[in-house]
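Written below as structure tokens is the structure these notes are about.
Values quoted throughout were computed directly from the atomic coordinates according to the rules given, and no laboratory measurement underlies them. These numbers come from a predicted model, not from an experiment. FYI the Cβ positions are ideal-geometry reconstructions off the backbone, even for glycines, and counts take in every protein chain you see.
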Amino acid sequence: MPPAKTQEFDPSRIKEPNSPSVITKAATLMDVLRTEGPTNSARLAEVLGEPISSVYRMLHTLTAIGWVEQDGKRGSYRVGLAMLTLAELQLRHMDLRKIAALTMRKIHALTGETTFLCVRHGIRAVCIERVDGDRVNSRVLQLGTSLPLHVGAAPRALLAFEGRRAWETYATNLGFEGHNWSKGPSRGELFQHLDEDRDKGFCLVDNEITPGIAAVGAPIYNHRGEVVASLSMSGLRDGILSDTTDYSAVELILQGSAEISQALGATIEHNGGNQKLPQVTPLSIVV
């Protein structure tokens, strides 16, 4: 795949006449590096409208504090590790529940079904947010409760998109916890289900936990393309599996998980275990 083209800096975006000159110029310089990638000092001097000697002094200061570093190419600079670390910390501490809540409410407003947000904790999936359904108020996966990763749509979505090595580790650890693979699906059958989930891009379960109830789940990615959570919806089979309703449960969950992933910094190009973030239109429901 050819590398993505960098966006050219638009100097009209930064206009802060009341800001201290040095701060404004430093912000402009950082924005050039962010949008254009590794940039030489001549280009920076052109954008800043400063003599090359002044730009070198600014680069020296920003390099000393780790905001900028030399790219290895002669006269080329890029965003430094310290600035990237700050961005990483910000992304890591974003409140996932708050980000996902609006999307979950939009799905509920359209379907009336129960929606779940789950994260992995060891060999289990923990529900950290849910919106109760109008028709069926599921007692499964209440806030703070959990299920094994291979049981249910939301838990399986956390496991399926991590890759086969993670599946092997999970199955082994589950055995250490006393799980008997001779009862219920075997390891081989589970792995086949997980393979099918990955191929489809979502997990669909029917009558697995509660008779008459079906569920669909999909992974949520972060800015590194890692699976950090899952979004799911469950309800009566006719609402989840039927193609006669005004909505597609699968499409809504794929849209919702992509919307949350993008809010966490994931992009279409990010790949979480060979699964590309789907290109979908964000949910436009007003709640």
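Highest mean first, the peptides 254-262, 188-196 sorted by other C-beta atoms within 10 Å per residue fall in the order 254-262, 188-196. Residue 164 sits among other residues whose Cβ lies under 14 Å from its own Cβ, and their net charge, with Lys and Arg +1 and Asp and Glu -1, is -3. In terms of the mean number of neighbouring beta-carbon atoms within 10 Å, the peptides 199-210, 151-162 order highest first as 151-162, 199-210. For region 100-108, the Karplus equation 6.51 cos²θ - 1.76 cosθ + 1.60, evaluated at θ = phi - 60°, returns couplings of 7, 4, 5, 4, 5, 5, 5, 5, 5 Hz by residue, with Gly and Pro reported as x.
Here the 3J(HN,Hα) profile of region 159-172, calculated from phi with Karplus coefficients 6.51, -1.76 and 1.60 at θ = phi - 60°, is 8, 4, 9, 8, x, 5, 4, 5, 5, 4, 5, 4, 4, 5 Hz, Gly and Pro shown as x.
FRET efficiency for the pair residue 169 and residue 61, taken as 1/(1 + (r/R0)^6) with r the Cβ-Cβ distance and R0 = 51 Å, rounds to 0.65. Packing, taken as the mean count of other beta carbons within 10 Å per residue, orders the peptides 41-53, 23-35 from highest to lowest as 23-35, 41-53. For region 94-263, the Cβ-based charge dipole about the Cα centre amounts to some 500 debye (Lys, Arg positive; Asp, Glu negative; other atoms uncharged).
So for 128, 253, fewest C-beta neighbours within 10 Å to most, what's the order?
Fewest-to-most Cβ neighbours within 10 Å comes out as 128, 253.
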